[in-house]
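Just so you know, all these numbers are worked out from the coordinates, no wet-lab data involved. No experiment lies behind these values; they were computed from the predicted model shown. Because the Cβ atoms are built from the backbone with ideal geometry, glycine has one as well, and the counts that use them run over all protein chains shown.
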Ligand SMILES: Cc1cc2nc3c(=O)[nH]c(=O)nc-3n(C[C@H](O)[C@H](O)[C@H](O)COP(=O)(O)OP(=O)(O)OC[C@H]3O[C@@H](n4cnc5c(N)ncnc54)[C@H](O)[C@@H]3O)c2cc1C
């Protein structure tokens, strides 16, 4: 039998453990990742020349990070690793890539998608302002570049990552102005039994909160974000105290183009507190996010079936407990299939590889499968506790003021999106996108799609699952003119 | 000069100089273009829709908010492109020249 061609997309925890399982079975998989280095999001590596230790970078997860990096480095020669290579399409049993050597199409017998996640965002009026970053992005600035996103940072949103990144900022010496959690503290109590599925993770959460509080940083629960305020355009300092010295000033361009939307960089954030009052926090940067969403575009292009998951209010690719998608030969693992965290990603990556091996006729030990399935089940229980403790604030979508931008890419407001729904009757995500352009811009709906669906659902008074999901289109990320010029090289 | 990003560590790396909109900018080896621009200024570009300046968003090559260009017109994602000595970067898209018009 010729060696089967197995392609793994993603070299994070899921992809690395899948590659290891295949290499151990004597197969040399192709591992593709658009990143410069392996490790994925949680175990993202800093560039050459940086010297911070694993303990500094990954805290309590340092040993796991080291183990994963060592594992993948040790597979050199046994995997065909292609870094800095984007998979931009999947069709006709082939993966279409663009990398340092130009375009390629790679046929596969089995495809393991380990594409990871991006932040889930609920828009706040003013979130288009310079100085607003995704929560994950704020962590990348620190982890990969040793920078804070500003000199006074507010963390806004919800979920475990909110506390993790805020604590990492505090420890690294950044000035954190506040941690503003939209989840009411009381939501944690009914979630406790499920969160106890991972007692160590729960305890970690307690320690993170303690780190933040000891630094004198206020933590507010149950806030409703009202407004991200702006100062002088381009100002890097709170409340307009600074002057614009950005590129616009450097080249003397006028910065006073009038738009329908208030311009100017972040100067602070106003929230309604749990007791009904209003508070303003001055800051020059905001890290915002509400947990994560899986990157499912490639699964969609591979024609995998999706189903609505009411617990997270997202459409997710369907898979069996071992990671088999609805399409034969396609497997899904890690946070790219469902947000279950890094440890689960390692287990589900290995499990998906073992499922592929089984389907290709290789012997696989059933004890191994059973214990991995048990692991994943624990993470599923924990994740459902997290969803309960840090809920996606749907009511914010309905309450979003008409002049708030929903789509940052194309500058489309909640009012414009609502008008599309009422004027054209478009209630389905793709129709509403065609009329309003929400989801058509640079990010292809990654950062506005889920919130836009909630805005549409509220405006049309229908359940969000009836709005459906945005169809994915190739290329899954824009292929720049510069790179496309290398086609066929 | 008001910078947006604040360096917290790793400042012993060798310095390098690139040009942004014609002006010299000092960065450190291993910086992304985004860090090079936002430790020397507060914004990356103006929104093409008139809603003010932008300074990137996701830092993981997913949102495409941080496009800048080489003077030759090659589009770059500032968050995932390393700064290099001698680079000449512009923050507005240069006029496209088509090969058949040269
Ligand atoms: C910015 C960010 C920071 C996070 N930080 C933490 C943290 O500190 N702690 C924590 O517990 N969890 C964190 N998470 C959650 C994270 O999803 C998981 O912990 C873990 O990284 C998931 O592992 P994974 O292998 O499923 O995906 P990832 O680690 O995300 O790896 C996916 C890989 O796939 C690659 N990829 C995706 N699409 C393509 C494509 N089309 N072509 C080529 N390559 C592609 C990506 O470049 C990436 O390297 C973070 C998530 C994000 C988004």
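Computed values, structure above
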quantity: Cβ crowding within 10 Å averaged over residues, with A:138-151, A:353-366, A:198-211, A:164-177 ranked highest first; calculated: A:138-151, A:164-177, A:353-366, A:198-211
quantity: Global form of the range A:1-60, assessed from the alpha-carbon gyration tensor, a/c cut-off 1.5; calculated: prolate
quantity: Chain B - Debye-derived log10 I(q)/I(0), Cα point model, q = 0.22 Å⁻¹; calculated: -1.21
quantity: Residue mean of other protein chain beta carbons inside 10 Å, A:124-130; calculated: 4
quantity: Three-way shape call for the range A:163-237 based on the alpha-carbon gyration tensor, with the a/c threshold at 1.5; calculated: oblate
quantity: Protection proxy ranking, peptides A:13-21, A:96-104, A:448-456, A:283-291, average beta carbon neighbours within 10 Å, highest first; calculated: A:13-21, A:283-291, A:448-456, A:96-104
quantity: Inter-chain Cβ neighbour average for residues A:131-138, partner chain, 10 Å; calculated: 6
quantity: CD proxy at 222 nm, helix term only [per DSSP H run n ≥ 4: -39500 (n - 2.57); per residue of chain A; nearest 500]; calculated: -10500 deg cm²/dmol
quantity: Calculated over the range A:394-467: convex hull of Cα atoms, volume per residue (Å³); calculated: 71
quantity: For the range A:306-341 and the range A:399-446, distance of Cα centres in Å; calculated: 27
quantity: Packing-based order for A:416-424, A:439-447, using average beta carbon neighbours within 10 Å, highest first; calculated: A:439-447, A:416-424
quantity: Calculated SAXS-style log₁₀ I(q)/I(0) at q = 0.09, 0.13, 0.17 Å⁻¹ - the range A:250-408, Debye, Cα scatterers; calculated: -0.49, -0.80, -1.07
quantity: Distance cut-off 48 Å, percentage of C-alpha pairs in the protein assembly as shown lying past it; calculated: 7
quantity: Average silhouette area of the range A:330-371, convex hull of alpha-carbon atoms, in square nanometres; calculated: 3.0
quantity: Whole-Å distance, taken between Cα centres, linking the range A:29-95 and the range B:44-71; calculated: 26
quantity: Taking the range A:1-134 and dividing mean pair separation by its residue count, relative contact order in percent (alpha carbons under 8 Å, at least six apart); calculated: 31
quantity: Kirkwood Rh and Cα Rg combined as Rg over Rh, evaluated for the range A:269-359; calculated: 1.20
